[in-house]
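Just below is one structure, and these are the notes that go with it.
The values are calculated or read from the model by the stated rules, or taken from the named source; none is laboratory data. A quick note: this is a predicted structure, and the numbers were derived from the prediction, not measured. Cβ placement follows ideal geometry from the backbone for every residue including glycine, while neighbour counts extend to all protein chains displayed. Calculation scope for accessible area: heavy atoms of the full protein, side chains included, ligands and nucleic acids excluded. Shrake-Rupley method; radii C 1.70, N 1.55, O 1.52, S 1.80 Å.
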Amino acid sequence: MSADVRPIAESELPDWVRSVHTGFLTASRVTEADIALRAKYTDFSRTHGAFDPDTGRCVATLRSFPQELTVPGGAAVRSTAISNVGVLPTHRRQGLLTRMMAAEFAAAEARGDALMTLVAAEYQIYGRYGFGPATSLVEWEIDVARTGLDRRLSAPVDGGRIDLVDVEELRRVGPELHERLRARTPGAVNRDDRWWNMTTGVEEWSYRAFRDKFYAVYRTPEGEVASLAVYSADDHWTDAKIPQSSVQVRDLLAVTPQAERALWQFLCSIDWVLKVRTGYRAPDALVPDLLPDPRAARVVTAADFLWVRVLDVVRALGARTYEVPGVLVLEVTDGTGPAAGRYRLDAGTGVCERTEEAPELRLGVAELGSLYLGGASAVRLAALGRVAEERPGAAALADAMFRTARSPWCPDIF
């Protein structure tokens, strides 16, 4: 008998969470506190499990939740976010993930969502379901002594100020600042109360020890909050009692370059700190070149991050804006979903519609997801054999239309 794949009942949540922990190698036990916290935020109609017919145990998991994704032009597109995807090592290669994905595809279409998103733990899994990597990230480690910054100057040079604040103040100013940043950042997603609670330690998992953090807020000379940083620090000393601490940035949001510069200057001026890890930033982030000596920042992580799966091509392409006017006919293949078809995109008017016109560019739905936020190049994908030009110059036109002046960036894992 095949496994039973379906939304879980509330009584099955402990077994489902145990399967998540096992699949992600995070814990071998489940506490009542963890179950209560998970139940608080769980929509059981969107929490899927696969149950072994012999033992009745949950052996595979998938959860979805509503999300808003900012696209070029600033629109927030309603999407289905996928998370907690896992299959126990005892039940792999039985098609369980495919069945759970199919159920979620059908549900997302029924809800009218134009997109699906996820952050892929493994690269090779999700392309076959039509997801394409749409944003990437870089993390730098800054050697503070080599930056060329004057560490005696921690205050902003523009007349603003930086304050260290408590959790209550961060909760008061953080969500509004994030919304301002999200509105102008393709690839950013909305944050709910759970996100802020987990970041500040108001709520926490028993298996993941909360590390105390510091919260710094930059205010302009007019008193407006324009950036914030959440960071932690280790406590390392040599045998000769010389401090050699490091700072790890957990979150840094800035709505102006001046506000971002002020926080990096502050973080690199903290006494006892020799290294600053920037956390995950956009690949074209300002931070290395804000330093007098950019070589003081070395790349320690570079990877794909947010993946996008287009469900409704007409609505998805019609929701964003384009860098230059132009008309392009796309033929999209989609073996596991509803996006297949031929589409005429008029970047000047922002209208996308189905058409019978001859295609100029052929691509899979995963490649469309990679292009969607402006972070990938159609010319490069064509060179890789993943996009086919039916009209010479069509890939270059797609780049001119889809690419954005700054790289898309998703600040949040989910």
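May I ask you to list pairs of residues, at least six apart or on different chains, whose Cβ atoms are under 6 Å apart, with the first in region 388-399 being closer than 19 Å to Thr333 by Cα and open to solvent by 30 Å² or more (accessible area, probe 1.4 Å) and the second being part of a loop (DSSP other than H, G, I, E, B) and of a type outside the set (Ser, Thr, Tyr)?
Between residues of region 388-399 that are closer than 19 Å to Thr333 by Cα and open to solvent by 30 Å² or more (accessible area, probe 1.4 Å) and residues that are part of a loop (DSSP other than H, G, I, E, B) and of a type outside the set (Ser, Thr, Tyr), the close pairs are Glu390/Pro359; Glu390/Glu360; Arg391/Glu360.
Please pick out the residue among Ser11, Ser28 that is small (Gly, Ala, Ser), open to solvent by 60 Å² or more (accessible area, probe 1.4 Å), without any contact (Cβ under 8 Å) to a residue 12 or more places away in the chain and not in a helix (DSSP H, G or I). Quick ask: steps written out before the conclusion?
Numbers: Ser11 fails: not in a helix (DSSP H, G or I).
Within the list Ser11, Ser28, the selection yields Ser28.
Just the residues that are buried (at least 18 other Cβ atoms within 10 Å of the Cβ), in contact (Cβ under 8 Å) with a residue 40 or more places away in the chain and under 20 Å from Asp113 (Cα atoms), please, taken from region 324-344.
The answer is Asp334, Gly337, Ala339.
Residue by residue, here is whether (1) without any contact (Cβ under 8 Å) to a residue 24 or more places away in the chain; (2) in contact with a helix residue (DSSP H, G or I) (Cβ under 9 Å, 6 or more places away or on another chain); (3) open to solvent by 60 Å² or more (accessible area, probe 1.4 Å); (4) over 24 Å from Ala183 (Cα atoms) holds:
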site	(1), (2), (3), (4)
Phe24	no, no, yes, yes
Glu32	yes, yes, yes, yes
Asp52	no, yes, no, yes
Val59	no, yes, no, yes
Ser79	no, yes, no, no
Leu115	no, yes, no, no
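Can you work out which of the residues in region 236-268 that are among the small types (Gly, Ala, Ser) and either over 15 Å from Leu291 (Cβ atoms) or modelled with pLDDT under 95 (or both) is most open to solvent (accessible area, probe 1.4 Å)? Explain how you work it out, then say what you get.
The initial filter retains those residues of region 236-268 that are among the small types (Gly, Ala, Ser), namely 240, 245-246, 254, 259, 262.
Narrowing the set further to residues that are either over 15 Å from Leu291 (Cβ atoms) or modelled with pLDDT under 95 (or both) leaves 240, 245-246, 254, 259.
Values: Ala240: 73, Ser245: 8, Ser246: 37, Ala254: 19, Ala259: 0 Å².
The extreme case among them is Ala240.
Which pairs have Cβ atoms under 6 Å, sit 6 or more apart or on different chains, and link a residue in region 123-143 that is within 19 Å of Asp412 (Cβ to Cβ) to one that is surrounded by fewer than 19 Cβ atoms within 10 Å (Cβ to Cβ) and of a type in the set (S, T, N, Q)?
Glu139/Thr301
Just one of Arg315, Arg362 is touching a residue at least 60 places away in the same chain (Cβ under 8 Å) and not aliphatic (A, V, I, L, M); which is it? Give the derivation first.
Working: Arg362 fails: touching a residue at least 60 places away in the same chain (Cβ under 8 Å).
Only one candidate qualifies: Arg315.
Testing Asp284 on (1) under 27 Å from Ala388 (Cβ atoms); (2) surrounded by fewer than 20 Cβ atoms within 10 Å (Cβ to Cβ), one condition comes back false. Which one is that?
All conditions are met except number (1).
Quick check: anything in region 243-252 in a strand (DSSP E or B), more than 24 Å from the chain's Cα centre (by Cα) and hydroxyl-bearing (Ser, Thr, Tyr)?
The initial filter retains those residues of region 243-252 that are in a strand (DSSP E or B), namely 243, 245-252.
After this cut, where a residue has to be more than 24 Å from the chain's Cα centre (by Cα) as well, the list is 243, 245-246.
Adding the requirement that they be hydroxyl-bearing (Ser, Thr, Tyr) leaves 245-246.
Yes; the residues of region 243-252 include at least one that is in a strand (DSSP E or B), more than 24 Å from the chain's Cα centre (by Cα) and hydroxyl-bearing (Ser, Thr, Tyr).
With the condition being within 30 Å of Pro243 (Cβ to Cβ) and over 23 Å from the mean Cα position of the chain (by Cα), I'd like the strands (runs of 3 or more DSSP E) fully within region 100-209 carrying at least 3 qualifying residues. Break it down stepwise before answering.
Values: elements: 115-119, 136-143, 161-165.
Once the strands (runs of 3 or more DSSP E) in region 100-209 are filtered for at least 3 residues that are within 30 Å of Pro243 (Cβ to Cβ) and over 23 Å from the mean Cα position of the chain (by Cα), what remains is 161-165.
Of all residues being touching a residue at least 24 places away in the same chain (Cβ under 8 Å) and out of contact with any strand residue (DSSP E or B) (no Cβ under 9 Å at 6 or more places or on another chain) in region 205-235, which is most open to solvent (accessible area, probe 1.4 Å)? Just the residue, please.
First, the residues of region 205-235 that are touching a residue at least 24 places away in the same chain (Cβ under 8 Å): 205-208, 213-221, 225-231, 233.
Pick out the ones that are also out of contact with any strand residue (DSSP E or B) (no Cβ under 9 Å at 6 or more places or on another chain) and you get 205-208.
Values: Trp205: 20, Ser206: 62, Tyr207: 64, Arg208: 132 Å².
The residue in question is Arg208.
Pull out all pairs, ordered by first then second residue, where Cβ-Cβ is under 9 Å, the residues are six or more apart or on different chains, the first lies in region 166-177 and is without any contact (Cβ under 8 Å) to a residue 24 or more places away in the chain, and the second is open to solvent by 40 Å² or more (accessible area, probe 1.4 Å).
Going by the 9 Å Cβ cut-off, the qualifying pairs are Pro175/Asp193.
Exactly one of (1) within 23 Å of Ser269 (Cβ to Cβ); (2) surrounded by fewer than 19 Cβ atoms within 10 Å (Cβ to Cβ); (3) out of contact with any Ser or Thr (no Cβ under 6 Å at 6 or more places or on another chain) is unmet by Ser154. Its number?
Single failed check for Ser154: (3).
Is region 253-261 home to any residue that is of a type in the set (Asp, Glu), within 30 Å of Asp235 (Cα to Cα) and touching a residue at least 12 places away in the same chain (Cβ under 8 Å)?
Step one: list which residues in region 253-261 are of a type in the set (Asp, Glu), which gives 260.
Pick out the ones that are also within 30 Å of Asp235 (Cα to Cα) and you get 260.
With touching a residue at least 12 places away in the same chain (Cβ under 8 Å) added as a condition, the list becomes 260.
Checked region 253-261: at least one residue is of a type in the set (Asp, Glu), within 30 Å of Asp235 (Cα to Cα) and touching a residue at least 12 places away in the same chain (Cβ under 8 Å).
Just a yes or no: is a residue in region 184-194 hydroxyl-bearing (Ser, Thr, Tyr), closer than 21 Å to Ile142 by Cβ, touching a residue at least 60 places away in the same chain (Cβ under 8 Å) and surrounded by 16 or more Cβ atoms within 10 Å (Cβ to Cβ)?
We begin by selecting, within region 184-194, every residue hydroxyl-bearing (Ser, Thr, Tyr); these are 185.
Filter again for closer than 21 Å to Ile142 by Cβ, leaving none.
Within region 184-194, none of the residues are hydroxyl-bearing (Ser, Thr, Tyr), closer than 21 Å to Ile142 by Cβ, touching a residue at least 60 places away in the same chain (Cβ under 8 Å) and surrounded by 16 or more Cβ atoms within 10 Å (Cβ to Cβ).
Quick check on my filter: what residues within region 287-300 are in contact with a strand residue (DSSP E or B) (Cβ under 7 Å, 6 or more places away or on another chain) and open to solvent by 40 Å² or more (accessible area, probe 1.4 Å)? Reasoning before the result, please.
Step one: list which residues in region 287-300 are in contact with a strand residue (DSSP E or B) (Cβ under 7 Å, 6 or more places away or on another chain), which gives 287-288, 291, 296-300.
Residues satisfying the conditions are Arg298, Val299, Val300.
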